[in-house]
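Working notes, structure below.
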Amino acid sequence: MNIEQFKQEVIEYSKEIGIDKIGFTSAGLFEELKQRLITQQELGYQSGFEEPDIEKRVTPVKLLPKASSIISIALAYPSKLKDAPKSTKEDRRGIFCRASWGQDYHTVLRDRLKKLEEFLKKRIPDIQLKSMVDTGELSDRAVAERAGIGWSGKNCSIITPEFGSYVYLGEMITNFPFPPDQPMEDQCGSCRKCIDVCPTGALVQPGQLDSSKCIAFLTQTKGFLADEYRTKIGNRIYGCDTCQTVCPINKGKDFHFHEEMEPDPEIAKPKLKPLLTISNREFKEKYGHISGSWRGKKPLQRNAILALAHFKDKTATQDLIMLVHQDPRPVIRGTAAWALGKIGDASAEVELLKAFEKEKDEQVKEEIQKGLALLHETS
């Protein structure tokens with residue numbers, strides 16, 4: 001078999017099944033990544049969602065013993081919402097990040113990788129393959145960078161010349177020795193817009209992210225959000241796109257190649273108040289197919305409360321009072337109490353005092369006191 005010719009066949013087939021970019025690299029150790037990951041761990045910059053075993057993240061042969069090469073794939077996703085609904089004073093809206101528009105990207109990429117696997121198995125029946133998307137051990141970005149998909153931007157995203165950083169990544173380890181592609185030169189130059197505008201200063205320096213400060217990570221946490229970040233969330237329900245939207249290379253990049261990725265505007269920019277009382281069943285029916293639903297409804301409801309506080313939405317006062325009195329979850333009760341103080345509707349004071357009297361949870365009591373203090377500041 002002519003290996004180079006077979007590689008071309010794989011590239012052609014990848015286009016047929018809706019893979020927008022494909023690259024190949026060796027299955028050797030990711031040495032530079034290993035050092036970066038050790039540093040991240042030492043500095044406490046990890047999110048906790050990663051594979052904890054660094055050796056598995058940087059050593060492909062630990063995942064497929066006879067690994068010889070890795071195929072990296074990229075699919076471009078939309079960056080602009082067509083017919084975006086307007087947020088009004090009576091009906092404020094939140095926003096899901098672009099990576100959570102349309103069908104869960106894990107499902108979409110796994111579909112493409114499965115088709116690619118089937119193609120390879122037909123041609124080489126005894127080929128060994130291991131595919132992964134995002135939640136696998138390998139770093140999608142490190143693989144994509146080495147496979148020439150794009151370069152690693154200062155915002156820690158892979159940036160492609162064609163699609164900017166609006167791409168989903170996945171990879172497949174194989175024992176077949178595909179010739180590797182050349183990595184791409186960094187094209188960020190002296191630009192540091194992403195670092196300068198990061199709302200929480202999570203981009204510590206070019207290519208280094210303190211995940212614990214990153215809004216994309218914070219919106220996925222389940223507990224109380226630290227006070228210092230509550231006013232930074234804005235109206236984000238899930239994720240953050242700031243470091244992508246300011247990137248000059250992303251300017252004008254908007255691709256609608258894949259039907260599954262097309263966003264429903266009412267889901268991408270949902271009304272905030274209905275989110276507060278949505279049932280588990282309604283949540284699953286409406287949001288279950290998007291990647292932003294993976295942590296369940298509680299973090300998104302907490303973020304919706306913070307968004308209402310951001311808007312100082314007095315039309316939400318009664319909804320929030322109801323949560324303070326009736327919601328069984330301390331995080332929701334406490335965040336609602338804080339939000340009432342931030343909104344500054346004087347009518348909430350009596351209700352917060354009532355709630356304080358009957359509240360058993362110490363953290364919630366603390367949040368009620370914060371809410372009352374904020375109310376007094378604004379009165």
Quick one: would you say Ser79 is under 30 Å from His310 (Cα atoms), of a type in the set (S, T, N, Q), modelled with pLDDT under 95 and surrounded by 12 or more Cβ atoms within 10 Å (Cβ to Cβ)? no
Tell me, which residue of segment 41-81 that is in contact with an Asp or Glu (Cβ under 9 Å, 6 or more places away or on another chain) and small (Gly, Ala, Ser) is farthest from Lys7 (Cα to Cα)? Gly44
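Could you pull out the residue among Ile249, Ile237 that is within 14 Å of the chain's Cα centre (by Cα) and either among the hydrophobic types (A, V, I, L, M, F, W, C) or more than 21 Å from Pro330 (Cβ to Cβ) (or both)?
After applying the criteria, what remains is Ile237.
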Filtering segment 298-331 down to residues that are closer than 25 Å to Ala216 by Cβ, without any contact (Cβ under 8 Å) to a residue 40 or more places away in the chain and in contact with a Leu (Cβ under 8 Å, 6 or more places away or on another chain) yields Gln301, Ile305
I want to confirm something. Restricting to segment 84-122 and keeping residues that are without any contact (Cβ under 8 Å) to a residue 60 or more places away in the chain and farther than 19 Å from Glu260 by Cα, which single residue is surrounded by the most Cβ atoms within 10 Å (Cβ to Cβ)? Glu117
Just checking, does segment 5-25 include any residue being of a type in the set (S, T, N, Q) and loosely packed, with under 14 Cβ neighbours inside 10 Å? yes
Quick one: is Glu367 in the same structural domain as Ile278 (by TED's automatic domain parsing), over 20 Å from Leu225 (Cα atoms) and in a helix (DSSP H, G or I)? no
Subset of segment 136-170, residues assigned to a loop (DSSP other than H, G, I, E, B), under 19 Å from Glu50 (Cβ atoms) and in contact with a Gly (Cβ under 7 Å, 6 or more places away or on another chain), comes to Cys156
How many of the residues in segment 252-297 are within 23 Å of Pro328 (Cβ to Cβ) and aliphatic (A, V, I, L, M)? 4
(1) more than 30 Å from Glu351 (Cβ to Cβ); (2) touching an Asp or Glu at 6+ places or on another chain (Cβ under 9 Å) all hold for Val324 apart from (1)
Taking segment 233-256 as the search range and keeping residues that are more than 16 Å from Cys97 (Cβ to Cβ) and out of contact with any strand residue (DSSP E or B) (no Cβ under 6 Å at 6 or more places or on another chain), which one is surrounded by the fewest Cβ atoms within 10 Å (Cβ to Cβ)? Gly252
Under the condition of being under 21 Å from the mean Cα position of the chain (by Cα) and modelled with pLDDT of 80 or more, which residue from segment 41-76 is farthest from Glu12 (Cα to Cα)? Gln41
Helices (runs of 4 or more DSSP H) completely within segment 239-286 that count 2 or more residues being modelled with pLDDT of 95 or more and under 17 Å from Arg302 (Cβ atoms): 272-276
Please return the ranges of helices (runs of 4 or more DSSP H) entirely within segment 294-359 where 2 or more residues are within 23 Å of the chain's Cα centre (by Cα). 297-310, 330-343
Out of the residues in segment 123-136 that are surrounded by 14 or more Cβ atoms within 10 Å (Cβ to Cβ) and of a type in the set (A, V, I, L, M, F, W, C), state the one that is nearest to the chain's Cα centre (by Cα). Val133
What about Ala309, is it of a type in the set (A, V, I, L, M) and surrounded by fewer than 18 Cβ atoms within 10 Å (Cβ to Cβ)? no
Check segment 60-71 and report whether any residue there is in contact (Cβ under 8 Å) with a residue 24 or more places away in the chain, hydrophobic (A, V, I, L, M, F, W, C) and touching a Pro at 6+ places or on another chain (Cβ under 9 Å). yes
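The values are calculated or read from the model by the stated rules, or taken from the named source; none is laboratory data. Values in this document were obtained by computation on a predicted structure and should not be read as measured data. Glycine gets a Cβ as well: all are built from the backbone with ideal geometry, and neighbour counts include every protein chain shown.
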